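To keep things clear, I will list the structure first and then write my remarks on it.
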Amino acid sequence: MAQKIALFNHKGGVSKTTTTFNLGWMLASKGKRVILVDADPQCNLTGMVLREETENDMNRIAKIYQTQSNLKTGLAPAFESQPKLIEPVDCIPVEGQDNLFLLPGHVGLAEYEVTLGIAQELSGSVQALRNIPGALNYLFEQTAQKFEADYILIDMSPSLGSINQNLLMISDFFIVPTTADFFSVMAIDSLAKVIPKWVAWANKASSLSILKEAIYAFPDVNLKFLGIIVQNFRIIRGKETQAFEKWITRIEEDVALKIAPAFKNQGIMLPDIAYQEAEVDKSFCLTKIANFNSLIALSQKHRTPVYDLTPEQLKQRGKVLTQNQKKQEEFRQVFSDLADKVIQLTSEAYAVSV
Ligand SMILES: Nc1ncnc2c1ncn2[C@@H]1O[C@H](COP(=O)(O)OP(=O)(O)O)[C@@H](O)[C@H]1O
Ligand SMILES: [Mg+2]
């Protein structure tokens, strides 16, 4: 069965979308079948994978949306009480990487936020809303089965709304991408408070018979924290922040002292041995990712991770090319190690509660 991994931080601009794409691509290149889900109504991931630059692109994308399903139309049977069952989404193969697929997002997904919020508050008592809290999970399971996926990577919006609450609670694992700055420290602190509340809610919801017996049953909580990823690409007043080390230390301390104990209390940590074997220390930092610098623009242009851009795509020669290829190899190693850690931490051996 596919493992659902959420990339979550309610702070924006911390490289959730970029990491979903780069990590998903790397997992796929290691032979895993991966579906990337764009669950952010801003649709940045969908825009990147489908290429939205010219008017022609827009027409092509409009056609895709008319003929193929996406996250919103996939959920419509539950959210709009249509007299039919939710069906698997027609995921789109990601160009350049076999085994990698996109479950496209939809700007209108935000319209379901309020309905889902009400359903999650009242679902235990209102029959008419019983099929809503389990709808996303059902849609993912159906789609994963159709595409024989090993992993579903969920790119989330920067919010603490009901869609994110649902997405996180139906996931098997989650990663918190973060940047080394003051606001990320604040974000980490609030996650340490919010996520345990969501888990408590989900445990209660999954035990209610009305939700268990729904067509789209709300699943038992199976969530486990994989760790954080620290990115260093924040530019402050034109200069890369000098305080990087200081904020990394603050973040790592907060994860060790606030997040990990709060998560452990709610049963969403893996057994200690799992992290040890994957060489993840008590700061739970899976990796630190440096600034991609000039490679990021090319990566977006060619819809290819920085580490897989070809010399033709780089369009460089001589020393510049050699320097960039060296950088690419470093990033390849970083993402390869990250993917190996994810594979190890999510392996069946640990997929049992502590
Ligand atoms: N390691 C990196 N180096 C340089 N730029 C990056 C890096 N990671 C992400 N970015 C850029 O930072 C911006 C925010 O990243 P994004 O992945 O969209 O974040 P989020 O999804 O968390 O909002 C994007 O313009 C992206 O291209
Ligand atoms: Mg994003």
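Odds and ends about this structure:
- Local electrostatic count at Arg250 - Lys and Arg +1, Asp and Glu -1, tallied over other residues with Cβ under 12 Å: -4
- In a DSSP loop and with at most 16 other Cβ atoms within 10 Å, the GluC sites (Glu not before Pro) in region 75-157 are Glu80, Glu95, Glu148.
- Cα-based Rg of region 3-350 normalised by 2.2 N^0.38 Å, two decimals: 0.99
- The peptide list 311-317, 252-258, 15-21, 227-233, put in order of mean Cβ contacts within 10 Å with the highest first, becomes 15-21, 227-233, 252-258, 311-317.
- Residue-wise HN-Hα coupling along region 52-59, computed from phi with Karplus coefficients 6.51, -1.76, 1.60 (Hz; x: Gly, Pro): 10, 10, 9, 5, 4, 4, 4, 5
- The label-point distance for Asn203 and Ile118, in a model that sets each label 7 Å from Cα toward Cβ, rounds to 3.0 nm.
- J(HN,Hα) series, region 81-93, from Karplus relation 6.51 cos²θ - 1.76 cosθ + 1.60, nearest Hz, glycine and proline x: 6, 6, x, 8, 7, 4, 10, x, 7, 6, 5, 9, x
- Computing FRET efficiency as 1/(1 + (r/R0)^6) for Gln313 and Leu160, where r is the C-beta to C-beta distance and R0 is 41 Å, gives about 0.60.
- Extension gain, Asp189 to Leu257: 0.36 nm times the residue separation minus the Cα-Cα distance gives 23.5 nm.
- Cα gyration tensor shape for region 31-104, rounded if a/c is under 1.5, else prolate or oblate: oblate
- Sequentially through region 183-191, phi angles give Karplus couplings (6.51, -1.76, 1.60; θ = phi - 60°) of 5, 5, 4, 4, 5, 4, 4, 6, 5 Hz, Gly and Pro residues having no value and appearing as x.
- Computed E for Asp337/Ile215 - FRET, C-beta separation, R0 45 angstrom, nearest 0.05: 0.60
- Under 18 Å from the Cα of Lys84 - aspartates and glutamates, other chains or at least 8 residues apart: Glu141, Glu213
- Here the calculated FRET efficiency for Gln323 and Glu148, from their Cβ-Cβ distance with R0 = 56 Å, stands at 0.90, rounded to the nearest 0.05.
- Stretch gain in nm, segment Ser294-Asn59, where the contour uses 0.36 nm per residue and the Cα spacing is subtracted: 81.6 nm
Since every read-out is calculated from the coordinates, none of them should be taken as a lab result. Just so it is clear, the structure is predicted and the values come from calculations on it, not from any experiment. Positions of Cβ are backbone-derived with ideal geometry, glycine not excepted, and every protein chain shown enters the neighbour counts.
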